[in-house]
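Report on the structure given below.
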Amino acid sequence: MEDPRTSSAAPIGLIAGAGRLPLEAVVRLREQGRPVAAIAFEGLSDPALATALSGDALRWMRLGALAAMRDALAELGVRRLLLVGAVPKSLLLDGRGLVAPDAEAVGLLARLVDRGDEPLLRGLADWLVGAGFEVLSQEVWLAPLLAPVGAIAGRTPSSEECADAVFGGGIVRALGRAGVGQSVVVKQGCVLAVEAIEGTDETIRRGGALGGAGVTVVKGARPGQDRRFDLPAVGPGTLRAMQAVGARALAIEAGAALILERAEFRAIAERSEIAVWGLSLDEAACEGSP
């Protein structure tokens, strides 16, 4: 694993999925003094990447064109890269015209019996390694985005919210072992919603509709998760989904969950008085409780 502090000036490549994480990655890598190049996908990746990166450092293509992606990365001078951003699983079931799998992608999918998030990403990572690239760790290269232990934003969580967070943390771990999802919505020791293919925001909306105001959201990594990719992430959108249903607390796994657009995230938490804190899933308590 390369140490960002001692690495060369070669560009770091991004395989940029949906959401804000690819843009955050551009900022963080540049703070480390690294040039950045990216592969983005039509109809999926944030169009703002075209502003963040020059045309010489960005290639747009259809999702699933693995051979073209490999060749573009080589043309960009990339040998080391990060997988960042979401690729909705629903695209595997209904590509909606956005997916154009080539022979390499068809072969990769055919070899995967388990098409859960991590097996899919690990299969892609293994394919990239086989093509001569090094897949870097989000945990190392995006470390400034990781949630700390304890209070992060908003108000102090109540003892009831902490109890729900610890309870929900155990459920998140069980879900992770089964490869189902990374978040749950709980209230008074009851599981209201678990994340599956729909994503965190929809899980929050469903859990809030069932439990009413005052639910707690818990998000964490899978046990033994490959820290190169797919670390759980929260951002302003997470808090807006919570605001819409009256959710009052968000516990995220310290050292394993990424916080995006942190200034706006903190401002929303403060305005809405949502308690946000970093929880160690190995501990039967949460810091910041009364």
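Evaluate the following for I204: is it assigned to a helix (DSSP H, G or I) and of a type in the set (A, V, I, L, M)? Talk me through it step by step, then tell me what you get.
Details: assigned to a helix (DSSP H, G or I): yes; of a type in the set (A, V, I, L, M): yes.
Yes, satisfied.
Only residues that are touching a residue at least 24 places away in the same chain (Cβ under 8 Å), of a type in the set (S, T, Y) and in a loop (DSSP other than H, G, I, E, B) were counted across segment 52-91, and they come to 0. In the same structural domain as E160 (by TED's automatic domain parsing), charged (D, E, K, R), in contact (Cβ under 8 Å) with a residue 40 or more places away in the chain and surrounded by 15 or more Cβ atoms within 10 Å (Cβ to Cβ), is that true of R228? So R228 fits the description; yes.
Considering (1) farther than 20 Å from V84 by Cβ; (2) in a helix (DSSP H, G or I); (3) basic (K, R), the lone condition that R122 does not fulfil carries the number (1). Of the residues making up segment 140-154, those that are out of contact with any Ser or Thr (no Cβ under 9 Å at 6 or more places or on another chain) and in a loop (DSSP other than H, G, I, E, B) are L142, A147, P148. Can you confirm whether V129 is surrounded by 14 or more Cβ atoms within 10 Å (Cβ to Cβ), at pLDDT 90 or above, assigned to a helix (DSSP H, G or I) and β-branched (V, I, T)? Against the criterion (surrounded by 14 or more Cβ atoms within 10 Å (Cβ to Cβ), at pLDDT 90 or above, assigned to a helix (DSSP H, G or I) and β-branched (V, I, T)), V129 does not qualify. Scanning segment 176-190 for residues that are in a strand (DSSP E or B), crowded, with 17+ Cβ neighbours inside 10 Å and either of a type in the set (A, V, I, L, M, F, W, C) or without any contact (Cβ under 8 Å) to a residue 24 or more places away in the chain (or both) yields V184, V185, V186.
The values are calculated or read from the model by the stated rules, or taken from the named source; none is laboratory data. As the structure is a prediction and not an experimental result, all values here were calculated from the model. Please note: Cβ atoms are built from the backbone with ideal geometry, for glycine as well, and neighbour counts cover all protein chains shown.
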